[in-house]
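Quick notes on the structure that follows.
The values are calculated or read from the model by the stated rules, or taken from the named source; none is laboratory data. Treat the numbers as computed from the prediction; the structure is a model and nothing was measured. Don't worry about glycine lacking a Cβ; one is built from the backbone with ideal geometry, like all the others, and counts go over all protein chains shown. We work out accessible area using only protein heavy atoms, side chains counted, and drop any ligands, DNA or RNA first. Shrake-Rupley method; radii C 1.70, N 1.55, O 1.52, S 1.80 Å.
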Amino acid sequence: MNQKGKGNALGLKTIENSILFKDFDKESLLLIASQFIIEKWPAHTCSSCYQLRHKFHIIISGRLKVFKTDKRTGREFTLFLLRKNDFFDVITLIEDCSHKLYYESLEDVKMLSTPILIVRRWLIKYPILNQRLLPYLGKQLLNIEEYAVNHTLLEIPARLASLILKNINQESKKLEFINDLSNEEIANLIGSTRAVVNRHFQEFKHEGILKLGRKKMEVINLTLLIKKATNQ
């Protein structure tokens, strides 16, 4: 986690591809990129919002989960899975507050990092950044809303099917992003347990919906999966 290097060409490329800084002029992009350093988190590095409250990050590669945990039971709930070009922590950026979240790298993660005070100055210097934060926040709110509705109205098989559908590439029709996650990580995404998720995965397999392999999952009947997600 402590491996750091100056954000050079890789940092600039990441900044250019970020929804926050798209269409910025070259001079501004170079100045902004120069304020970032590169951080590397080995797989399963864990940190809290409290520890990271003074920094803002943009992910270059790898997946990072944002979760809460019940210290009494050990149960986890994953709020978001962050990937390339995602950034955090937006709440701390726009509101100087403390919230009890944790971050864990699911594999080796590389990210850009800069003091959050610098980004707050950018919000004043470049007002368009405020406009670009809103759609990102809106997307996160919709994800939380979807979870709340699904958890209240849908049984676990439908929740599981909905999660799979959400992560199917619309062009290739292949499952991505969660296809190699453990059953425990999948369970944390839908508010269930590893044993229950494993049981339903086996049902999906026997029904001809999924093909399951070692750390790999493939959708083989999209029509049946959609019916499962809609409780048909």
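A few comments on the model shown:
- Taking the criterion of being in contact (Cβ under 8 Å) with a residue 12 or more places away in the chain, open to solvent by 70 Å² or more (accessible area, probe 1.4 Å) and farther than 15 Å from GLN51 by Cβ, the residues of the range 92-112 that qualify are ILE94, ASP108.
- 1 or more residues aliphatic (A, V, I, L, M): qualifying strands (runs of 3 or more DSSP E) within the range 48-160: 55-61, 64-69, 76-82, 109-115
- Applying the set (1) among the β-branched types (Val, Ile, Thr); (2) surrounded by fewer than 18 Cβ atoms within 10 Å (Cβ to Cβ); (3) in contact (Cβ under 8 Å) with a residue 12 or more places away in the chain to THR73 leaves exactly one unmet item: (3).
Per-residue answers, yes or no, for (1) within 29 Å of ARG194 (Cβ to Cβ); (2) among the aliphatic types (A, V, I, L, M):
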{"residue": "GLN51", "(1), (2)": "yes, no"}
{"residue": "ILE58", "(1), (2)": "no, yes"}
{"residue": "ARG63", "(1), (2)": "yes, no"}
{"residue": "ARG72", "(1), (2)": "yes, no"}
{"residue": "ARG75", "(1), (2)": "yes, no"}
{"residue": "PHE80", "(1), (2)": "yes, no"}
{"residue": "ARG83", "(1), (2)": "yes, no"}
{"residue": "PHE88", "(1), (2)": "yes, no"}
{"residue": "THR92", "(1), (2)": "no, no"}
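- When PRO115 is tested against (1) open to solvent by less than 60 Å² (accessible area, probe 1.4 Å); (2) at pLDDT 95 or above, only condition (1) is not met.
- Which listed residue, of ALA187, ALA229, is modelled with pLDDT under 95, open to solvent by less than 40 Å² (accessible area, probe 1.4 Å) and out of contact with any Gly (no Cβ under 9 Å at 6 or more places or on another chain): ALA229
- Verdict on ILE178 being in contact (Cβ under 8 Å) with a residue 24 or more places away in the chain, in a loop (DSSP other than H, G, I, E, B) and among the hydrophobic types (A, V, I, L, M, F, W, C): yes
- The condition of being over 17 Å from the mean Cα position of the chain (by Cα) and closer than 22 Å to ARG132 by Cα holds for only one of PHE80, PHE24, that being PHE24.
- Here the condition is being exposed (fewer than 15 other Cβ atoms within 10 Å of the Cβ) and either touching a helix residue (DSSP H, G or I) at 6+ places or on another chain (Cβ under 9 Å) or of a type outside the set (Val, Ile, Thr) (or both); of LEU175, LEU165, LEU222, LEU210, it holds for LEU222 alone.
- Residue within the range 4-19 that is open to solvent by 70 Å² or more (accessible area, probe 1.4 Å), closer than 17 Å to LYS55 by Cβ and modelled with pLDDT under 95 present: yes
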